[in-house]
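The block underneath contains the structure these notes are about, expressed in structure tokens.
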Amino acid sequence: MTTKLHTIGRTLATIALITTLTAAAPVLAGDDEGYESLRNRKGLLVGVNAGWGASMFSEKVGSRTFSDDPYSGAVAAVRFGYAFNDALALSAEAHGFGSQAGQSDWGMGAGLLVLTWWPRGGGLFVRAGVGAGGGEVLMREDGEILHFEGKAAGMFGIGYEWMVGRNLGLSLVADGLGIDLDGISGRTDDVTGSSSISVQLNWYL
């Protein structure tokens, strides 16, 4: 079942990426003039995301890396920031993931400082962020809890934004979030993370 969920997650991520790049084709070809007149990003911005994702835990023993089966679950994010112009914005963001797949309850979140870039001020964008994250996994079968907090986190995303008004953007986004657990299992190079597909709304105030 978990293998099937992982396959579904990768398939959805691929579809999201293809859809994003297809929608961005006019921008890359220089044919986005019809949308340019609608864009007015400069100023304060607030935004939310909601979607689906998958998360997993991995650890390294010697030269070998072991990974758990992925957990599927819901993702959400909120942001507050400032767009310097139509092409560049800086925001403080909170990203969360929650799952009750299999025999575990899995929750993870991160606070990040994120830089978003829209090439040529169009609809295609990429973003990257750094910050700190934490989470908890409860194994319902034996009551074991794995807890972590204040760990280094990073993210990268790609998406496409359609303006549905001069100050409101609707986006489809594929994000990847990683958290360095710093040997939490007693071994080395423990990491966890999530990949997600979400719908995003940004208001440019």
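Observations on the structure shown:
- Sequence-ordered 3J(HN,Hα) estimates for region 147-162 from the Karplus curve with 6.51, -1.76 and 1.60 and θ = phi - 60° stand at 10, 8, 7, x, 9, 4, 9, x, 9, 9, x, 9, x, 9, 10, 9 Hz, glycine and proline given as x.
- Here the Karplus curve 6.51 cos²θ - 1.76 cosθ + 1.60, taken at θ = phi - 60°, turns the phi angles of region 192-205 into couplings of 9, x, 9, 10, 8, 10, 9, 9, 10, 10, 10, 9, 9, 8 Hz, with x standing for Gly and Pro.
- Near the amide H of Leu181, within less than 5 Å, lie the amide hydrogens of Asp190, Val191, Thr192, all on another chain or at least 5 residues away, with H placed in the peptide plane.
- Per-residue 3J(HN,Hα) values for region 47-53, derived from phi via the Karplus relation 6.51 cos²θ - 1.76 cosθ + 1.60 with θ = phi - 60°, read x, 9, 10, 8, x, 10, x Hz in sequence order (x marks Gly and Pro).
FYI, it's all coordinate maths here, none of it is from the lab. Source: prediction; values computed, not measured.
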